[in-house]
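All remarks here apply to the structure that follows.
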Amino acid sequence: MKRYLLTILLSLWCVCAWAAGSVTVRGRVLCGGRGVEGVWVSDGEEFARTDKRGNYSLEAGADNRFVFVCVPAGYDAPVKKGVVRYFHPLPAEGKSCDFTLLRRAGDDSRYGFIAIADPQIWAPKEFAKLAAAADDIAATVRSYGGMPFHGICCGDIVSHDHSLYGRYNEVMERTGITFRNAMGNHDMKLWGRSHETSAAAFEAMYGPAYYSYNVGEVHYAVLNDNYYIGRDWYYIGYLEERQLAWLERDLSFVPAGTTVVVALHIPTAFAGKDEKPFDYPQAERSLCNHRALHRLLEPYDAHVVSGHMHTTTNCPVREGLYEHNVAALSGAWWQGAICTDGTPAGYAVFEVDGGEVTWYYKSVGHPRSFQLKIYDSKDDEAFAGRVVANVWNCDPAWTVEMHADGGRPVRMERTTAVDPQARRLYADASKLDHKWITVTPSDHYYAAPLPAGTRRVEVTARDRFGNTYRAEKRINR
């Protein structure tokens with residue numbers, strides 16, 4: 001009986017798919033005027049592979065909006081006005097749809113990428129601050145002495161005014177690298193009647209809301225997990241079946257064991273999240289059906305890079321799956337130089353060597369070595385009798401120790417706290433453009449008892465890669 005019902009449902013699905021119609025799309029993928037073999041072309045649903053001459057034929061759904069290439073390793077797509085041109089609007093039946101790729105110079109197995117989140121430009125006056133951040137990224141890239149880099153923005157490119165996309169692109173060209181983009185909830189057109197209309201503004205500028213590409217030995221998939229429910233402004237973190245099915249097909253072409261990076265806006269996991277009852281009022285703060293995505297990533301060494309929270313959370317989900325929830329490039333929505341959890345405005349830097357990935361957080365306006373701040377009771381009465389360090393990019397593999405007046409090291413214990421500097425910066429809402437900004441407790445703090453009479457403390461933090469960072473503080477009594 002169950003098999004009979006399944007057959008009926010599949011038949012109905014096929015009838016619906018047939019009713020929607022299809023368009024036969026043919027064309028070539030070229031580089032230097034010659035066809036490129038083995039390139040996957042997709043309409044966001046189906047896939048076709050180019051032959052030896054670069055030819056492909058794709059049965060595209062008539063209601064799909066784009067045809068795009070999954071850019072292969074060793075190649076780039078052209079860039080025009082800051083936008084990667086790996087896509088074309090779905091052509092009419094019989095019209096050719098060709099793509100041009102550019103050959104990368106040299107070996108692309110060793111490179112870096114920059115991940116930013118939530119630039120969220122609210123008003124034109126904020127572009128000057130964005131330019132300073134872009135210049136900081138450019139300086140970081142230059143420090144690698146010519147190693148190739150690309151960038152990924154994890155969404156919320158602007159706050160609400162999508163007409164600012166063009167100027168945003170111009171400013172980000174100052175980085176000297178090409179950024180690909182994921183949609184954020186602020187990149188959606190809200191107040192419409194359905195989710196299906198919500199990507200229009202983003203797609204008009206940047207093309208498909210989900211897609212993939214390859215660099216070196218790493219496969220990248222960029223997804224849209226912002227789901228508008230058709231009521232007021234409200235959205236949830238959700239990947240619809242269409243997108244999951246496309247990703248499943250996309251990953252089927254990727255050998256097991258490959259390093260895969262998934263970029264999206266709304267985070268998929270936090271430590272202990274699955275051990276607690278699902279929090280329906282907070283459904284817009286995390287990917288509701290994250291287990292489906294995590295299952296698809298099981299065969300791979302996977303990294304999820306997300307934003308949305310404007311704070312920092314690094315979460316080793318399981319062996320082979322790590323989520324980097326990157327703090328906001330805008331800090332507290334450009335109202336201050338630190339986020340509401342005390343993380344400085346900044347971005348994540350990833351270094352890739354073959355399939356191996358290492359990373360660190362770079363604060364805008366600070367050297368790479370700036371990775372922690374130290375507080376005591378003079379900064380917050382809640383810290384009485386303790387030294388507390390904000391180590392914003394930590395994860396469970398980090399170790400943090402305190403030395404009091406040069407004495408023996410004392411292991412600091414991870415705890416939850418509110419950053420005193422953030423509390424001071426955002427205490428008076430009347431001085432802020434956004435009156436709803438408030439401080440955010442976080443668990444990227446470490447504490448240890450402060451011995452009586454201590455005059456100076458030094459905190460040493462060691463990350464999972466063996467890099468050591470230090471800060472010191474004089475204790476005024």
**Asked** Applying the Karplus parametrisation 6.51 cos²θ - 1.76 cosθ + 1.60 with θ = phi - 60° to the phi angles of the range 454-463, what ³J(HN,Hα) value in whole Hz is obtained for each residue in order, glycine and proline being reported as x?
**Response** 4, 10, 8, 10, 10, 10, 10, 10, 10, 7
**DSSP beta bridges in the range 65-160 [antiparallel fraction, %, rounded to 5]** = 55
**Complete:** Percent antiparallel among DSSP beta bridges confined to the range 267-350, rounded to 5, stands at 55
**Request:** May I ask which residue of Leu287, Gln335, Val305 lies farthest towards the positive end of the charge dipole of the range 277-367, with charges of +1 (Lys, Arg) and -1 (Asp, Glu) on Cβ and the Cα centre as origin?
**Result:** Gln335
**Complete:** Interchain or sequence-distant (5+) residues whose placed amide H lies within less than 5 Å of the amide H of Val215 are Tyr220
**Asked** Got a sec to turn the phi values of the range 389-404 into Karplus ³J(HN,Hα) couplings, 6.51 cos²θ - 1.76 cosθ + 1.60 with θ = phi - 60°, whole Hz, x for Gly and Pro?
**Response** 10, 8, 10, 5, 9, 6, 8, x, 7, 6, 10, 10, 10, 10, 10, 9
**Asked** With a sphere of radius 15 Å drawn around the Cβ of Asp380, what net charge do the other residues whose Cβ falls strictly inside it have (Lys, Arg +1; Asp, Glu -1)?
**Response** +1
**Request:** Go through the range 66-143 and name the chymotrypsin sites (Phe, Trp or Tyr not before Pro) that are in a DSSP coil and have 15 or fewer other Cβ atoms within 10 Å of their Cβ.
**Result:** none
**Fill in**
The size of the Cβ-based charge dipole (Lys, Arg +1; Asp, Glu -1) of the chain about the Cα centre, to the nearest 20 debye, is 680
**Message:** Only bridges whose two residues both fall in the chain count here: according to DSSP, what percent of them are antiparallel, nearest 5?
**Reply:** 75
**Item:** Nonlocal amide H pairs with Leu450, under 5 Å, H built at 1.01 Å
**Value:** Arg386, Val387
**Request:** Just read off the accessible area of Arg386 with the full protein assembly in place, 1.4 Å probe, to the nearest 10 Å².
**Result:** 80
**Prompt:** In the full protein assembly as shown, how much of Leu329 is accessible to a 1.4 Å probe, in Å² to the nearest 10?
**Reply:** 0
**Prompt:** Sequence-distant or interchain residues sharing an amide H contact under 5 Å with Phe66, placed H: which?
**Reply:** Leu90
**Request:** Report the semi-axes of the equivalent ellipsoid for the range 54-174 in whole Å, largest first, where each axis is √(5λ) for an eigenvalue λ of the Cα gyration tensor.
**Result:** 30, 22, 10
**Asked** In the chain, what percent of the accessible surface is made up of carbon and sulfur (1.4 Å probe, ligands and nucleic acids excluded)?
**Response** 52
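If the limit is 22 Å between Cα atoms, which of Lys189/Lys362; Lys129/Lys431; Lys129/Lys362; Lys378/Lys473 go over it? Let's see the in-between values first.
On the way: Lys189/Lys362 32 Å; Lys129/Lys431 18 Å; Lys129/Lys362 16 Å; Lys378/Lys473 12 Å.
Check vs 22 Å cut-off fails for Lys189/Lys362.
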**Fill in**
Using a 1.4 Å probe on heavy atoms of the protein chains only, the accessible area for Tyr322 in Å², nearest 10, reads 10
**Prompt:** Short version: ³J(HN,Hα) in whole Hz for each residue of the range 234-249, in order, from phi by Karplus 6.51 cos²θ - 1.76 cosθ + 1.60 (θ = phi - 60°), x for Gly and Pro, what are they?
**Reply:** 6, 9, 10, x, 7, 10, 6, 4, 4, 6, 5, 5, 5, 4, 4, 5
**Asked** Which net charge results when you count Lys and Arg as +1 and Asp and Glu as -1 among the other residues whose beta-carbon is under 9 Å from that of Ala60?
**Response** -4
**Complete:** In debye to the nearest 20, the charge dipole size for the range 248-351, taken about the Cα centre with +1 at each Lys and Arg Cβ and -1 at each Asp and Glu Cβ, equals 160
**Prompt:** Where does each of 221-232, 198-209 land if you order them by average Cβ count within 10 Å, highest first?
**Reply:** 221-232, 198-209
**Complete:** Between (1) 144, 114, 36; (2) 76, 56, 51; (3) 82, 53, 47, the structure-derived Cα extents along the principal axes in Å is (3)
**Message:** Give the average over all directions of the projected area of the C-alpha convex hull of the range 377-435, one decimal, in nm².
**Reply:** 5.8
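The values are calculated or read from the model by the stated rules, or taken from the named source; none is laboratory data. Quantities reported herein were computed from a predicted structural model and do not represent experimental measurements. Please note: Cβ atoms are built from the backbone with ideal geometry, for glycine as well, and neighbour counts cover all protein chains shown. Note: accessible area is taken over every heavy atom of the protein model, side chains too, but ligands, DNA and RNA are not part of it. Shrake-Rupley method; radii C 1.70, N 1.55, O 1.52, S 1.80 Å.
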